[in-house]
Amino acid sequence: MLGGGVWMISRRNLLRGAGAVAGTGLFGWWRARADERQVFRPADFGAKGDGLADDTEALRAAQARASEVGGVVEYDGVYRVTSRITLNSHVTHRGVSAEATIRNDSPFDPKRPVDRECFSLGEYTTEMLSRFPAAPLKAAARGEQTLALGNAALPWRPQPGDFAIVATRERLTTLHGTRLPVRQQLVKIIAVDMAAGRLDIQHPLTADFPEADLLQLHAFNGFSRQPAHCVEDVRIQRLRFEGGGISFGAAYDCAFENLTFADVRDLVFGNCLAHSRLEGISGTFWNRGCEIKLGTHDSTVSDLDMTYVPSDQPAYNGWISLGEMARNVTMSNVRLDASRYTKDGGVILVGLQYCFGIRIDGLDVKAPGLRDAVGILLMSGKSEASAPVDCDIRNADVACAHFARCLQWGSGGRDGPMNCTLGQVRFHGAADDDAAVFEAGRGNVIRDVNFGSGRVVSGPDFTGNELDNIVCAGVDDSASLSAHNTVRSIVTLSRQ
């Protein structure tokens, strides 16, 4: 490779590249050779890296230059920033020393908390979505990669490489009464034939979309009638963030690995984060834990380790939260330690609302100072169509001093969770009499769950479900529960 990241064309390189392309495709080959990308260091753009000087503009310049060539920004000091840095596509941000840190030194404004984040990816807000012009899709077969527009007029002229949201018609949801689609998917347009009214997209629409005549196509960056501002192919590796984290907007095909967050407000992964991966994330937070929301889809989160640090700022009441159209997200090895937090009431430790295809395997929540908390909540919100569907929670330990509810499954008068599984779950702590409440839901499996001193209560809308090896202090109206559901085994413990 010559200076400036230019490859010398030789028989060896051509043969080596051809073999890689055959196995992974051209883009996969390019990414696999990230170690040979051109490297940029903030010091070359004026950064001091001493934790005292303002390095904001130097970091902006370094990543802007790296974006031009698909390069790497390497961090080996403590970089103080005083305002949010919006990241560009096709850049790897990598810490190369133990002290590699991005330190936020901007004041916290509770009315605009996102402004204190160190890095920002993409732009997307829920308030915008209901105002965007939308074109109905006459045909958009599920599982296919072609959108047939017919004679629909689009708010912008699509080009290959543009991003847009494919969404269903809007319905009222749980977010401050905002109207949001029932489903949405961030898509990358790879080919355009406007004469034929056809768009080809990189990934197919998932099979859980409703029928084609309900779909709409949105451009979503305000009133400018332009495609979405979305970042893609961003890698952030082995970095520490102090005082501010990462604001996730529309981001596509990104990875975040071995990151540490210290004294951040929260760890929120949302706003149409798509086809992305988060692995080895740890940190201390003082407002809420981990939120996965706003259309995040087809992504994975693994080895997430969070510690709650009390603060004089008001705390959020939900700590691990998935909802607002999150879909096809897999989480594994999630740990939350709130040992230093004490409060009576008002906290939901794990909540799932308005999400689809969520998989959580390996969950450990410790909050010994909490009283009257809700352990796990799966239910609908203000919308009848907002209950969790096809979700799965396995291998979980949830502990607090006292549960008002170990489990809340559905709410009366609305559709409850459907086709969901709760398995190998144990609740630790004292509980109210009605600690496990099954109010609504159908087609669910609840197996190998220990409610300890809590009793099981069911409602008339909880039907067609299977319960097996449930440990509890008793069942209210067990005859009704057995009449409307398949109850294989319930072990009743005497209350101490």
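Here, each number is a calculation from the coordinates, and none is a lab measurement. Just so you know, these numbers come straight off a predicted model, no measurement behind them. Counting neighbours? That spans all protein chains shown, and the Cβs are built from the backbone with ideal geometry, glycine included.
Odds and ends about this structure:
- For the range 472-489, putting each phi into the Karplus relation 6.51 cos²θ - 1.76 cosθ + 1.60 with θ = phi - 60° gives couplings of 7, 8, x, 10, 7, 6, 5, 5, 5, 4, 6, 5, 10, 9, 8, 10, 8, 7 Hz, in residue order, rounded to whole numbers and with x for Gly and Pro.
- In a fully extended conformation the segment linking Glu144 and Arg488 would gain 119.8 nm over its present Cα-Cα distance, using 0.36 nm per residue.
- The range 247-307, relative contact order [Cα under 8 Å, separation at least 6], %: 37
- Scalar couplings 3J(HN,Hα) for the range 344-360, obtained by applying the Karplus form with A = 6.51, B = -1.76, C = 1.60 to θ = phi - 60°, are 10, x, x, 10, 9, 6, 9, x, 10, 9, 6, 9, 9, x, 8, 10, 10 Hz; x denotes Gly and Pro.
- Formal net charge of residues neighbouring Ala396 (Cβ-Cβ distance under 10 Å; K, R +1; D, E -1): -1
- Val445 paired with Thr421, simple spin-label distance in nm, labels 7 Å along Cα-to-beta-carbon: 0.5
- Peptides ranked, highest mean first, by Cβ atoms within 10 Å: ranges 61-68, 399-406, 439-446: 399-406, 439-446, 61-68
- Within straight-line cross-link reach of Lys343, aspartates and glutamates at Cα separation under 12 Å, skipping those fewer than 8 residues along the same chain: Asp372
- Burial ordering of Tyr341, Tyr79, fewest other beta-carbon atoms within 10 Å first: Tyr341, Tyr79
- As a rough guide to protection, the peptides 243-249, 486-492, 88-94, 52-58 ranked by mean Cβ packing within 10 Å, highest first, stand as 243-249, 88-94, 52-58, 486-492.
- Ranked by how many other beta carbons lie within 10 Å on average, peptides 320-331, 295-306, 276-287 from highest: 320-331, 295-306, 276-287
- Annotation: amide H of Gly346 has no partner in the under-5 Å range at sequence separation 5 or more or interchain, hydrogens built in the peptide plane.
- 5 angstrom amide H check on Asn328, placed H, neighbours 5+ away: Asp298, Phe356, Gly357, Ile358
- Label-zone membership for the range 348-364, site Arg335, 7 angstrom Cα→C-beta point, backbone N under 13 Å: 363-364
- Per-residue Karplus couplings for the range 367-376, computed as 6.51 cos²θ - 1.76 cosθ + 1.60 with θ equal to phi - 60°, are listed in order as 9, x, x, 8, 10, 6, 8, 9, x, 10 Hz, Gly and Pro entered as x.
- FRET efficiency, Asp109 to Ala61 (Cβ-Cβ, R0 22 Å, nearest 0.05): 0.25
- Here the range 398-496 is treated as an ellipsoid with the same Cα gyration tensor; its semi-axes, largest first and in whole Å, are 20, 14, 13.
- Exposure proxy for Lys366, Lys48: other Cβ atoms within 10 Å of each Cβ, ordered fewest to most, give Lys48, Lys366.
- Surrounding net charge for Leu199, when Lys and Arg each add one and Asp and Glu each subtract one, Cβ distance under 10 Å: -2
- Using every pair of distinct Cα positions in the range 322-413, the Kirkwood expression returns a hydrodynamic radius of 13.6 angstrom.
- Under a 5 Å amide H cut-off, with hydrogens placed 1.01 Å from N, Tyr75 pairs with Arg94, Gly95, Val96 among residues at least 5 apart or on other chains.
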